[in-house]
1. Among the candidates Leu298, Leu306, which residue alone is within 19 Å of Phe142 (Cβ to Cβ), within 25 Å of the chain's Cα centre (by Cα) and not hydroxyl-bearing (Ser, Thr, Tyr)?
2. For the range 333-348, which positions are polar (S, T, N, Q) and part of a loop (DSSP other than H, G, I, E, B)?
3. Six or more apart or on different chains, Cβ atoms under 9 Å: show the pairs whose first residue is in the range 127-156 and over 13 Å from Lys190 (Cα atoms) and modelled with pLDDT under 95 and whose second is surrounded by fewer than 13 Cβ atoms within 10 Å (Cβ to Cβ) and among the small types (Gly, Ala, Ser).
4. Would you please name the residue that is nearest to the chain's Cα centre (by Cα), looking only at residues in the range 90-116 that are part of a helix (DSSP H, G or I) and without any contact (Cβ under 8 Å) to a residue 24 or more places away in the chain?
5. Scanning for something aliphatic (A, V, I, L, M), out of contact with any Asp or Glu (no Cβ under 9 Å at 6 or more places or on another chain) and more than 28 Å from Thr287 (Cβ to Cβ), does the range 340-354 turn up at least one residue?
6. Which one of these is at pLDDT below 95 and in contact with a Cys (Cβ under 7 Å, 6 or more places away or on another chain): Ser345, Ser276, Ser330?
Amino acid sequence: MSKNQVYEAAEVYLSTRISPKTERLKLSKTRKQKHFTIGLEKGELVVDGFEDVRLTWRFVCTEGQKPHGGEKKHFELSFNKKHKDKVLDFYLPYVLHKAEEIKKQDKVIKLYSRQCPFSCEDDNERRGGSWGSIILEHPATFDTLAMDPALKKMIIDDLEMFLRRKAYYNKVGKAWKRGYLLYGPPGTGKSSLVAAMANYLKFDIYDLGLTSVRSDAELRRTLLSTTNRSILLIEDIDCSSEVLERQMRNKNKKLPDRTGQLTLSGILNCIDGLWSSCGDERIIVFTTNYKDRIDPALLRPGRMDLHINMSYCTTDGFRLLASNYLGISSKNNPSFAEIDSLLNSTEATPAEVAEELMKSDDPNIALQGLVNFLKRKRDEADDETENKATGCGEVDSSVRRLNAIVSRVKRLKTNVDQRKIMMRKRK
């Protein structure tokens with residue numbers, strides 16, 4: 001069950017209004033928190049002022065009734081009754097607004113998972129959810145992502161538009177949520193983009209593995225225990241779709257039905273049906289290595305609004321990685337032109353390029369290592385093409401194989417010529 005929003009806001013707001021006259025305070029700090037939490041002890045008062053109104057808050061704790069027992073906590077707010085309308089219409093909304101500002105300033109981004117152990121500081125455990133959390137300390141930002149600059153700007157602009165359109169979503173009768181599909185080969189930065197989005201928005205991430213969800217009812221309970229201003233991450237959605245397709249085939253074969261199982265319609269209802277409106281300012285991110293394997297019902301707008309192709313490393317991406325990892329630019333560096341040429345003809349992921357750049361602190365050695373790596377990948381691709389051509393058993397396949405050999409000979413000759421030029425420059 002959700003906590004009282006006014007109680008939570010008062011707890012946060014009053015921690016900043018405590019005066020030196022307060023005799024007893026409650027001080028705490030968990031392992032995951034960056035700063036101390038200051039709270040009122042039982043019976044303590046805080047005096048506040050709003051325009052011409054004097055207000056007194058008192059923290060009250062009472063023993064609960066048996067058999068459940070437990071301590072019940074609440075705040076008492078006292079003021080002159082002639083100011084009732086001003087307090088209800090202006091002061092309490094002000095407290096709610098200030099509390100949100102304070103929470104954003106002190107926000108610690110968390111990564112929630114159903115596989116994480118619970119701790120006493122996990123709100124979702126108290127709410128009956130099934131999430132545990134750790135602090136997300138991923139350093140990815142949009143400044144460090146090796147992406148096409150135009151694509152990066154488009155994503156940032158889309159996120160900014162989503163944040164400022166609460167009134168618009170209400171006007172058109174849509175839930176305030178946005179769906180993204182990140183697709184592309186492994187190592188192209190899908191997880192890093194999700195982390196960059198979370199760091200940019202200051203949103204928590206809920207990492208939901210659908211294989212751990214046994215039924216539609218469990219999926220609803222799990223999603224209802226997530227918070228507003230959060231990212232729901234469902235990775236490798238194509239794998240989950242394959243599981244659901246097998247279930248549908250078994251059902252069509254009239255095999256024994258397992259009641260209460262997870263279904264595709266259950267997922268669709270949670271991300272785009274009535275259940276999806278239970279919460280505000282939500283982002284849903286799906287990732288896949290194989291977009292063509294996803295059920296078309298999941299791909300339509302409203303479920304996955306923006307499809308983002310995470311491609312192989314580009315020349316712009318390489319320059320950003322070289323700047324981040326080696327602190328160098330393309331000025332007066334002949335290796336950049338050669339690497340650009342290789343990247344335009346070779347499929348290498350940003351993760352592979354970054355791994356090569358990390359192998360040496362010497363920029364020249366690291367760049368030469370990257371050149372050698374890209375050449376090996378190119379040659380392996382040529383060999384694969386040659387093997388496919390050999391397997392065809394047709395005349396034109398021999399021609400393609402011969403062309404591949406000729407291309408390699410030309411590249412070897414070019415490398416020899418480049419070395420001769422370098423030797424002449426040294427002389």
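The values are calculated or read from the model by the stated rules, or taken from the named source; none is laboratory data. Computed from a predicted model, the values in this text were never measured in an experiment. So basically every Cβ, Gly included, is an ideal-geometry build from the backbone, and we count neighbours across all protein chains shown.
1. Checking each option against the conditions leaves just Leu306.
2. Within the range 333-348, Asn333, Thr346 qualify.
3. Close Cβ pairs (under 9 Å, with a partner that is surrounded by fewer than 13 Cβ atoms within 10 Å (Cβ to Cβ) and among the small types (Gly, Ala, Ser)) amount to Arg127/Ser2.
4. Only one residue tops the list, namely Gln105.
5. No, the range 340-354 contains no residue that is aliphatic (A, V, I, L, M), out of contact with any Asp or Glu (no Cβ under 9 Å at 6 or more places or on another chain) and more than 28 Å from Thr287 (Cβ to Cβ).
6. So the residue among Ser345, Ser276, Ser330 that is at pLDDT below 95 and in contact with a Cys (Cβ under 7 Å, 6 or more places away or on another chain) is Ser276.
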